[in-house]
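Visitor: Before we start, here is the structure in question, set down as C-alpha cells.
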Amino acid sequence: MKFRSFIRPLALVAGLVLVVGLGLLGRLTLNTPLYLIERGGQAQPLALQFVPKQAPVVASVLVRPDRLADLWDYLAPPRLRQDTHRDQARIEQVLLANTGLSYSRDIQPWLGEEVTAAMVTPDLDQNPANGITPGYLVALACNDAPAAQAALELYWQNRAIAGDALTFEDFSGNRLIYTRPGTQPGTRLAPQSEGGQLATALVANRFVLAANHPDVLRQALTAAQSTDLNLQADRRYKAALGELPQARVGLLALNLPRVSQWLNAPARETPSLALDAIGSADDRIDWGLTSWQLTRQGLVGHTALLAAHGHRLHPRLPGADDWSAIAPYLPESLAVAAVGADLATLGQGFQPLLALVTLGGAEDGSPLTRLLDRALGPGAADLLQTGVDRAYGVGLAAPAGAARPDWLVVAPQSDRLTETLTALTALAQGQGLSVGPLDLQGTPAIAWTRLAVPLGRGQQPLQVVAEVAGLQAQVDRYEVLAASPATLDTVINPEMLPRRAPSWWEQAAQVSTSSTGYIHIDWPQVQAGLVAQRPQWRLWGTAAQPALKHLRQITLVNGDRSDAIQTGSILMQLSNQ
C-alpha cells in the first residue's frame, strides 16, 4: 500500500508534465512555419467552382504565399537568407510586373489561404490561323472585402491615369472591369492581341478573379452557376481526390490531352495518352491530380491518374523484389536513371508522370530506344527489350562536352538475355561494326566498334581510329551494357565499396513502400535540354527561374494500378544551401 501511495502521485505528476510538454511543443510548432510540414494548409481549393472542367492546367496553392516564404527562410542557413529574400523579390517582380502593386502592401492584408491559377483554354478564339493565345484565370481567396476592393480601385485608377480606356460590365450579378482592346500602352502584351485585355471582378466578397480577357471571366462566372460545368463538382476530381492524402499545401490538375494540344501548336485534337504499347488499347488515361506535401527536403506529390472515359486500365501490382539489388549498380552521377520490371514499356509506362513534371511534354518512345538504335543499328532496342525479362536498371549520363548522352543498361544474367546479346552482336556486325574482346582495368569486356578515318589536316598522315558504339561486360551476376568505357567503368569500379544504392533510392523508399517502377532525374543536368526542346518552357522557365534554380532532383514512383486509377508519387528535392 505504501508503494501504491507513492507511485500514484508520481504517475500523476509525470502525466501532467507530459501533457504540458506536448502542449508547449504544439504551440512551438504552430508558432513556427514548420506546421506546414506537419499538417499542410487548407484542405481543398474552393475556387475550383470558377474553373471550367475542361481546363488544361489548374494549380492551387492552399496556403498564403508569404507563409511558404517564411518556411523557406526558416529552413535556410542564416548566411543565405539574404539570397532567399532576393529570390522571393524576383518572383514577386515577375508575377506582378506592370501592375504597380506590391504583394505585402496591396495583396497580403486581404488575401486568404488560397491562390488558384488555371489555363482555361489553350486558345481564346480557337483559330490557329491567327496564333495561339491561351486564356488564363487567377482566383484569390479574400478575407477582407473592403481592402480587396480598395486594391482593385487603386490598380484601375493607375491604369486610367496611364491612358487605358476602361469598360464596366455587369455579368451574372458581378461587376467586371477590363480595358478595351488596343489601349494598354503600359503593358508588354501586343496592343492588337485580344489576349491582352486584363479583366477583374470581386465575387461575393470572397474571391478576387483576374483574367487576361473578359471572356475568361464570363466563362468562370458561368461555370460557378452550374455543377455540370465546373471542376469542383467534376466526377474525375472527386474520384482522384479520394485517393490522395489529406495533408497538402497545393493541388495540380492536368487535362493531359488538352495540355498536349497546347504544347503541340497549331491547336488540334490530341488523343488520350496510352500507358502501354503492348496489350489492350484500353490502357489510356486523360486526367490527373497531384496533391503536394512539404518536407524538409522539398516537395512530395501524390498522384492519381484516371482512365479515359469509356476505357479501363489493366491492374498492376508492385513486384520485382530484386530492385534493391540492382540499384547499387546505377552510378550516382547519372542524369536520368530508371528501375523497373518491364523494359519494353519503360517510356509509355512513365509517360503520364513525366507529363506532370514537364507540363505534358513527355515524348513517345524513350531516349534509350533512340540511342541504342543509333549506336548498334535499327532494332537494337527491340531486341534488348525482349531479352530483359526480369527487373532492370537503365540510365543516361551526360559527360561534359559530349555531343549526346551515354546510355547504360543493367540486367540480371539469364539464358534468354545471353541469346539476345548474341543476336545483338549479329545485328551490330550487319551494320558494319567490329566485335572484339577488351580488358577494362582487369575486367574482360566486349566492345562493338566502328572503324573510321578522320579527315586529315595539312601534312598529317591519315589514321584509322575505332569509335566505340557500345560495350558489354559481366559484373557480379549482372550483364552491363554501356555506350562508353568511362560509363562502364563507373559500374565496374564504383567510388565506394561495398556498393551502395544512390541517395535518391533511399529517399524514394521512405515515401513509397510499393511501386511498379522508378525514374530519377537530375534536374540541373537535364534542364537546358528540356528548354531547348520545348520552346513553351522558355517563358515558364524564365518566370520560375528564381525557384527552379533550387530544384536538384526529381524522382517518379509508379504505384498501384486498378482498372480505373493509377497512383504514383513525385519527389522534388530542393536546396537552399
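Visitor: Relative contact order of segment 62-171, please, whole-number percent, based on alpha carbon pairs below 8 angstrom and at least 6 residues apart.
Guide: About 24 percent, as a whole number.
Visitor: When a/c is below 1.5 the answer is rounded, else prolate if a/b is larger than b/c, else oblate, so apply that to segment 73-152 with a ≥ b ≥ c taken from the square roots of the Cα gyration tensor eigenvalues.
Guide: Because a/c hits 1.5 or more and a/b fails to exceed b/c, segment 73-152 counts as oblate.
Visitor: For segment 42-229, what does the relative contact order come out to in percent, with C-alpha contacts under 8 Å and a separation of six or more? List each step's numbers first, then the result.
Guide: On the way: 307 pairs, mean separation 42.7, N = 188.
23 percent.
Visitor: Please state the charge dipole magnitude for segment 42-229, taken about the Cα centre, from unit charges on C-beta atoms (+1 on K and R, -1 on D and E), reported in debye and rounded to the nearest 20.
Guide: That gives segment 42-229 a dipole magnitude of about 280 debye.
Visitor: Work through the residues other than Leu427 whose Cβ is under 12 Å from its Cβ and net out their charges, Lys, Arg +1 and Asp, Glu -1.
Guide: Summing Lys and Arg as +1 and Asp and Glu as -1 gives -2.
Visitor: Hey, got the dipole for segment 47-137? About the Cα centre, +1 on K and R Cβ, -1 on D and E Cβ, debye to the nearest 20?
Guide: My answer is approximately 180 debye.
Visitor: Based only on other Cβ atoms within 10 Å, what is the fewest-to-most ordering of Phe171, Phe207, Phe50?
Guide: So the ranking, lowest neighbour count to highest, is Phe171, Phe207, Phe50.
Visitor: Taking the Cβ of Ala223 as the center, what net charge do the other residues with Cβ under 12 Å away carry, scoring Lys and Arg +1 and Asp and Glu -1?
Guide: That sum, taken over residues with Cβ under 12 Å, equals 0.
Visitor: Over segment 42-229, what lengths in whole Å, largest first, do the semi-axes of the equivalent ellipsoid take, defined as the square roots of 5 times the eigenvalues of the alpha-carbon gyration tensor?
Guide: Numbers: eigenvalues 150, 82, 63 Å².
Semi-axis lengths for segment 42-229 are 27, 20, 18 Å.
Visitor: First measure r as the distance between the Cβ atoms of Thr386 and Asn127, then evaluate 1/(1 + (r/R0)^6) with R0 = 41 Å and state the FRET efficiency to the nearest 0.05.
Guide: 0.30
Visitor: Please name whichever of Ala145, Leu68, Val120 sits farthest to the positive end of the charge dipole of segment 50-175, dipole taken about the Cα centre and charges placed at Cβ: Lys and Arg +1, Asp and Glu -1.
Guide: Leu68
Visitor: Long-range amide H contacts for Gly135: which residues qualify at under 5 Å (H placed 1.01 Å from N, peptide plane, sequence gap of 5 or more or a different chain)?
Guide: Here the answer is Val120, Thr121, Asp123, Leu124, since their amide H atoms fall under 5 Å of that of Gly135.
Each value in this text was obtained by applying a stated rule to the coordinates, not by laboratory testing. Not measured: the values here are computed from a predicted model. Using ideal geometry, Cβ is built from the backbone for each residue, glycine included, and neighbour counts are taken over all protein chains shown.
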